[in-house]
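*Asks:* Handing you this structure, nothing more for now.
The values are calculated or read from the model by the stated rules, or taken from the named source; none is laboratory data. Computed from a predicted structure; not experimentally measured. Cβ: placed from backbone, ideal geometry, glycine included. Neighbour counts: every protein chain shown.
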Amino acid sequence: MIRLLGLHKSFPRQTDEQSSGHSLSVSDFEIQAGERVALVGASGSGKTTLLNLMSGLILPDQGSVEVDGVDITQLKESARDRFRARTIGYLFQTSHLLPGFSALENVELGASFAGRAVDRDRAKSLLDAVGLGHRHHHQPQQLSVGQQSRVALARALVNRPKVVLADEPTGALDPESGKAALKLLLDTAGEENITVICATHDAGVASVLDRTVRVEELQ
Ligand SMILES: Nc1ncnc2c1ncn2[C@@H]1O[C@H](COP(=O)(O)OP(=O)(O)OP(=O)(O)O)[C@@H](O)[C@H]1O
Ligand SMILES: [Mg+2]
């Protein structure tokens with residue numbers, strides 16, 4: 001489902017930085033359809049960067065990123081955006097909800113970006129499933145950070161993606177709601193054969209996934 005081959009990405013040194021900047025290399029990393037993979041590694045090792053590369057939000061300097069049979073590095077920006085909206089549910093490390101729209105509207109926007117009809121029933125049932133049945137009409141600023149991250153989870157799933165890229169999905173949640181969010185993600189992934197890649201510092205999260213990959217070992 002996903003294959004990174006001969007990948008290299010470097011970030012130039014910032015003017016105020018003493019170090020030489022950061023670079024990330026991946027020789028050959030493959031994830032099968034339906035697999036649930038934990039991506040672990042020290043802070044700053046490149047987990048978010050890898051998820052960004054897999055989603056085509058950033059491009060590598062060298063190498064290919066194949067998702068569902070398509071090398072997304074070869075697509076024009078507009079085609080890559082469309083491909084991402086249709087194929088990938090992205091759960092950012094910070095929720096990135098749109099202010100001024102309700103929780104339900106934020107979830108529904110996930111579907112409309114992909115140019116699909118909005119499935120309001122699915123949006124509502126996902127919000128109910130993350131324990132926000134009573135918060136459909138609250139705007140992000142009226143929600144706690146943990147509640148916002150649960151809205152973001154519902155948004156990542158609303159579109160029936162083939163792949164979910166989740167960046168610390170339980171980072172902002174208490175243990176109880178973290179477990180519930182993870183259960184929703186994995187149950188939905190199991191029912192709909194969604195491939196899940198989850199960057200996490202949480203050993204409890206990694207332990208319920210199929211496989212753990214250390215960023216430092218991908219070189
Ligand atoms: N746009 C950018 N410009 C310059 N450097 C960047 C950029 N994005 C990331 N980096 C650098 O790349 C490295 C990896 O960052 P990344 O966010 O991928 O780490 P991470 O493993 O997700 O860390 P964390 O666990 O703290 O979220 C860091 O050293 C970071 O400073
Ligand atoms: Mg990160």
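*Asks:* Quick check on the range 94-108. Is at least one of its residues hydroxyl-bearing (S, T, Y), closer than 20 Å to P169 by Cα, at pLDDT 95 or above and buried (at least 18 other Cβ atoms within 10 Å of the Cβ)?
*Replies:* Within the range 94-108, the first condition is being hydroxyl-bearing (S, T, Y), and the residues that meet it are 94-95, 102.
Among the residues that remain, those that are also closer than 20 Å to P169 by Cα are: 94-95.
The next check asks that each one be at pLDDT 95 or above; those that pass are none.
The answer is no, given that none of the residues of the range 94-108 is hydroxyl-bearing (S, T, Y), closer than 20 Å to P169 by Cα, at pLDDT 95 or above and buried (at least 18 other Cβ atoms within 10 Å of the Cβ).
*Asks:* Just one of (1) out of contact with any helix residue (DSSP H, G or I) (no Cβ under 8 Å at 6 or more places or on another chain); (2) within 16 Å of ligand 1 (Cβ to nearest atom); (3) part of a loop (DSSP other than H, G, I, E, B); (4) touching a residue at least 12 places away in the same chain (Cβ under 8 Å) trips up T15, so point out which.
*Replies:* Against the list (1) out of contact with any helix residue (DSSP H, G or I) (no Cβ under 8 Å at 6 or more places or on another chain); (2) within 16 Å of ligand 1 (Cβ to nearest atom); (3) part of a loop (DSSP other than H, G, I, E, B); (4) touching a residue at least 12 places away in the same chain (Cβ under 8 Å), T15 comes up short only on (4).
*Asks:* Taking E168 and the conditions (1) touching a residue at least 40 places away in the same chain (Cβ under 8 Å); (2) in contact with a Gly (Cβ under 6 Å, 6 or more places away or on another chain); (3) more than 21 Å from R122 (Cα to Cα), which numbered condition does it fall short on, given that it satisfies the others?
*Replies:* Here E168 clears every test but (2).
*Asks:* For the list (1) out of contact with any helix residue (DSSP H, G or I) (no Cβ under 6 Å at 6 or more places or on another chain); (2) assigned to a strand (DSSP E or B); (3) farther than 24 Å from V205 by Cβ, I need the number of the one condition that S64 fails.
*Replies:* (1)
*Asks:* Within the range 114-137, count every residue that is in contact (Cβ under 8 Å) with a residue 40 or more places away in the chain and either of a type in the set (A, V, I, L, M, F, W, C) or touching a strand residue (DSSP E or B) at 6+ places or on another chain (Cβ under 6 Å) (or both). Steps first, please.
*Replies:* Restricting attention to the range 114-137, the residues satisfying the condition of being in contact (Cβ under 8 Å) with a residue 40 or more places away in the chain are 114, 116, 126, 129-131.
From what is left, the residues that are either of a type in the set (A, V, I, L, M, F, W, C) or touching a strand residue (DSSP E or B) at 6+ places or on another chain (Cβ under 6 Å) (or both) are 114, 126, 129-130.
Count: 4.
*Asks:* Can you tell me which residues in the range 138-165 are in contact (Cβ under 8 Å) with a residue 12 or more places away in the chain and of a type in the set (G, A, S)? Before you say what the answer is, go through the steps one by one.
*Replies:* Looking only at the range 138-165, we keep the residues that are in contact (Cβ under 8 Å) with a residue 12 or more places away in the chain, and these are 138-141, 143, 145-165.
Answer for the range 138-165, where residues must be in contact (Cβ under 8 Å) with a residue 12 or more places away in the chain and of a type in the set (G, A, S): G146, S149, A152, A154, A156.
*Asks:* A further question follows. Give the residues of the range 164-208 that are touching a helix residue (DSSP H, G or I) at 6+ places or on another chain (Cβ under 8 Å), aliphatic (A, V, I, L, M) and surrounded by fewer than 20 Cβ atoms within 10 Å (Cβ to Cβ), sorted by residue number.
*Replies:* L184, V208
*Asks:* Then there's this: For a quick check of your reading of the model, give me the residue pairs whose first member lies in the range 28-51 and is over 22 Å from L182 (Cβ atoms), whose second is near ligand 1 (Cβ under 6 Å from one of its atoms), with beta-carbon atoms closer than 9 Å and at least 6 apart or on different chains.
*Replies:* Every condition considered, the pairs that remain are G44/H22; G46/H22; T49/F11; T49/H22.
*Asks:* I'd like to check something: does the range 42-61 contain any residue that is within 11 Å of ligand 1 (Cβ to nearest atom) and among the charged types (D, E, K, R)? Talk me through it step by step, then tell me what you get.
*Replies:* Going residue by residue through the range 42-61, those that are within 11 Å of ligand 1 (Cβ to nearest atom) are 42-53, 57-58.
From what is left, the residues that are among the charged types (D, E, K, R) are 47.
Yes, that holds for at least one residue.
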